[in-house]
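Have a look at the structure below, then the notes.
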């Protein structure tokens, strides 16, 4: 075998090993997260209660309370943390690759604030202007999905798209610098933050409380209905994105080179941004604003396995899921019996990581 | 594959940069494009590479109009190396060069794709850098990787926009020599914007000199590059000397 073929297969093997390790770490983290409710349960308790869920006539639950907490509260929470972390990690990688800027992410580009504003807007004005729809509900696979859920999703996506459109418009010039892209995102983020503040100001007591808690970013409001909405959206979006891995590799060479390699650059960029905006907005609509996962996950994976998107996209998703799930689990236990919003932990972790990125001289490609 | 530029006009907004230019490039030819800064070299190259739509005129590839050829078909016929380099950190040289096979690849590269990558890396003398991250290399090493990526496309026509500008003396000569050999032995052609007159004299089959968006002169390098054309096009006084290796320019003053 030639040197290059041998190098390629060694690299490929290493990337696959990384993926397998990431999946194992995620599974272990998920199991540990399931073991923690209001107290630390032994793994056997979790297994027995899951056994009861699947084979009720064969296996008894340890207690009705344990069973309900595990299957109705902890399980959907863990699943939403995994989906949200995966989606934000993937969305961050896509944004970084399309804009060739390692500092962009759904959070730093203002998408999180925009989607957050969209969701908060429905929470405040939804019950007033469309109360019938807002309080309506229907059953899907045994779970109640409310009109409010759907309205929040659509509004978060709509405002998310608006923010991405604004970023693309501000960065239209060919010679726009990397820092200007970040500044554009920061400005858009501020505008929507102003909108959120205005909404808080005009909202009544119950809406204000709902928005304030939701904005901190956390998994406490999620249930199986949330999973039923965001899982299919995020799954489909992820498949569409990962199937185009080859085109993301080509985009690394710049717009002109990508076009000469057969990519319709503007169409590909707009389409991919719409898809990741949908994924990220859907998650943000249910979990609130969770910053920096989409910044950290791609960067860590790029450092570990390189920039081949055939592996990087999936790896970043897995890394995002691991980061968010572990952070959420820590948030649940760090001040027991209370819990901390996971958004707080992400801000601390992300802030430190961001400082590391902008102060690091080599490899950040900032001009 | 013969390429023919017919009455091409190109610009930005209403400003005309390239004004009604016509010429052709034949298979197996290295054609150098010479002209001062702002004369429209990059605009012409980008238009011919299909990256921008001309204001008027046609570009024919064989007997097909470039406008009628899809992007994916074009990517197998022509490749482009830009003047400025863009990259993402932590991309290895191997992955960078391999991305040149994108028009031919599905998910994983085939044995043939990897053989072509290996050959391209060897031509550009960067095989030992294959595992290095692109952000850890010098500008010249990166530029050689980008040329290797273009070679990987195995196109019929190469468009290079001042690709030797960040290379050291050895690699400027080496790159031009190897590209000249490649084009002559593989039935392809190279259209290259270049600032180094001596490289153009030595390694081109034909030279096109442009000034203010129009062709000033066109022909064999020894015939068209002379004291008068350098003075008219660049505003530089120069003398020429000749030895067994050919003709060389010695610029000495600007006007």
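The values are calculated or read from the model by the stated rules, or taken from the named source; none is laboratory data. What you see is a predicted model, and the numbers here were worked out from it, not measured in a lab. As a convention, Cβ positions derive from the backbone with ideal geometry for all residues, glycine included, and neighbour counts pool all protein chains shown.
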| Residues in segment B:67-78: is at least one more than 20 Å from the chain's Cα centre (by Cα) and more than 14 Å from chain A (Cβ to nearest Cβ)? | yes
| Number of positions in segment B:100-109 that are part of a helix (DSSP H, G or I) and either facing chain A (nearest Cβ under 8 Å) or in contact with a strand residue (DSSP E or B) (Cβ under 7 Å, 6 or more places away or on another chain) (or both) | 1
| said: For residue A:83, only one of the following conditions fails: (1) surrounded by fewer than 24 Cβ atoms within 10 Å (Cβ to Cβ); (2) under 19 Å from the mean Cα position of the chain (by Cα). What is its number? | reply: (1)
| said: Against the conditions (1) buried (at least 18 other Cβ atoms within 10 Å of the Cβ); (2) farther than 27 Å from residue B:137 by Cα, where does residue B:176 fall short? Just the number, please. | reply: (2)
| If residue B:47 passes every condition in (1) facing chain A (nearest Cβ under 8 Å); (2) part of a helix (DSSP H, G or I) but one, which one does it miss? | (1)
| remark: Residues of segment B:79-99 being more than 7 Å from chain A (Cβ to nearest Cβ), under 16 Å from the mean Cα position of the chain (by Cα) and either in a helix (DSSP H, G or I) or in contact (Cβ under 8 Å) with a residue 60 or more places away in the chain (or both), in sequence order, are B:81, B:83, B:85
| Identity of the residue in segment A:327-345, touching a helix residue (DSSP H, G or I) at 6+ places or on another chain (Cβ under 6 Å) and crowded, with 20+ Cβ neighbours inside 10 Å, that ends up nearest to the other protein chains (Cβ to nearest Cβ) | A:327
| task | Those residues that are surrounded by 14 or more Cβ atoms within 10 Å (Cβ to Cβ) and under 19 Å from residue B:5 (Cβ atoms), I need them from segment B:215-232; list them, please. | result | B:215, B:216, B:217, B:218, B:224
| field | Sole residue being out of contact with any helix residue (DSSP H, G or I) (no Cβ under 8 Å at 6 or more places or on another chain) and at pLDDT below 90, chosen from A:296, A:303 | value | A:303
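Could you count how many residues in segment B:203-255 are at positive phi and assigned to a strand (DSSP E or B)?
Kept after step one, since they are at positive phi, are these residues of segment B:203-255: B:212-213, B:219, B:235, B:246.
Add one more test, that the residue is assigned to a strand (DSSP E or B), and what stays is B:219, B:246.
Here the count works out to 2.
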| message | Would you confirm, using the coordinates I've provided, whether residue B:79 is at negative phi and surrounded by fewer than 16 Cβ atoms within 10 Å (Cβ to Cβ)? | response | no
| said: Given the criterion out of contact with any strand residue (DSSP E or B) (no Cβ under 7 Å at 6 or more places or on another chain) and either within 26 Å of residue B:80 (Cβ to Cβ) or surrounded by 20 or more Cβ atoms within 10 Å (Cβ to Cβ) (or both), identify the matching residue among A:306, A:253. | reply: A:253
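Right, residue B:8: at pLDDT below 90, in a strand (DSSP E or B) and under 20 Å from residue B:190 (Cβ atoms) or not?
On the way: at pLDDT below 90: yes; in a strand (DSSP E or B): yes; under 20 Å from residue B:190 (Cβ atoms): yes.
Criteria met by residue B:8.
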| query | Residue check: is residue B:186 closer than 30 Å to residue B:72 by Cα and surrounded by 19 or more Cβ atoms within 10 Å (Cβ to Cβ)? | reply | no
| said: Against the condition assigned to a helix (DSSP H, G or I), within 14 Å of chain B (Cβ to nearest Cβ), in contact (Cβ under 8 Å) with a residue 24 or more places away in the chain and touching a helix residue (DSSP H, G or I) at 6+ places or on another chain (Cβ under 7 Å), how does residue A:5 come out, does it pass? | reply: no
| said: Which numbered condition in (1) touching a helix residue (DSSP H, G or I) at 6+ places or on another chain (Cβ under 6 Å); (2) buried (at least 21 other Cβ atoms within 10 Å of the Cβ) is the only one that residue B:59 fails? | reply: (2)
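To keep it simple, each residue is scored yes or no on (1) in a loop (DSSP other than H, G, I, E, B); (2) closer than 20 Å to residue A:82 by Cβ.
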residue: A:313; (1), (2): no, yes
residue: A:320; (1), (2): no, yes
residue: A:323; (1), (2): no, yes
residue: A:326; (1), (2): no, yes
residue: A:338; (1), (2): yes, no
residue: A:343; (1), (2): no, yes
residue: A:348; (1), (2): no, no
residue: A:354; (1), (2): no, no
| request: Keeping to segment B:29-56, report how many residues are loosely packed, with under 15 Cβ neighbours inside 10 Å and under 25 Å from residue B:196 (Cβ atoms). | output: 2
| query | When only residues in segment A:263-302 that are within 14 Å of chain B (Cβ to nearest Cβ) and free of Cβ contacts under 8 Å to residues at least 12 places away in the same chain count, which is nearest to residue B:79 (Cα to Cα)? | reply | A:264
| Output for segment A:126-141, where each listed residue is surrounded by fewer than 18 Cβ atoms within 10 Å (Cβ to Cβ), free of Cβ contacts under 8 Å to residues at least 24 places away in the same chain and either over 20 Å from residue A:198 (Cα atoms) or in contact with a helix residue (DSSP H, G or I) (Cβ under 8 Å, 6 or more places away or on another chain) (or both) | A:130, A:131, A:132, A:133, A:135, A:136, A:137, A:138, A:139
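Tally time: how many residues in segment A:216-243 are in contact with a helix residue (DSSP H, G or I) (Cβ under 8 Å, 6 or more places away or on another chain) and within 11 Å of chain B (Cβ to nearest Cβ)?
Going through segment A:216-243, the residues in contact with a helix residue (DSSP H, G or I) (Cβ under 8 Å, 6 or more places away or on another chain) turn out to be A:216-227, A:229-231, A:233-234, A:237-238, A:240-242.
Subset that is within 11 Å of chain B (Cβ to nearest Cβ): A:242.
So the answer is 1.
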| message | Every residue in segment B:110-148 that is touching a helix residue (DSSP H, G or I) at 6+ places or on another chain (Cβ under 7 Å), within 9 Å of chain A (Cβ to nearest Cβ), outside any helix (DSSP H, G or I) and surrounded by 19 or more Cβ atoms within 10 Å (Cβ to Cβ), please. | response | B:130
| task | For residue A:73, indicate whether it is within 30 Å of residue A:296 (Cβ to Cβ), surrounded by fewer than 20 Cβ atoms within 10 Å (Cβ to Cβ), under 26 Å from the mean Cα position of the chain (by Cα) and modelled with pLDDT of 85 or more. | result | yes
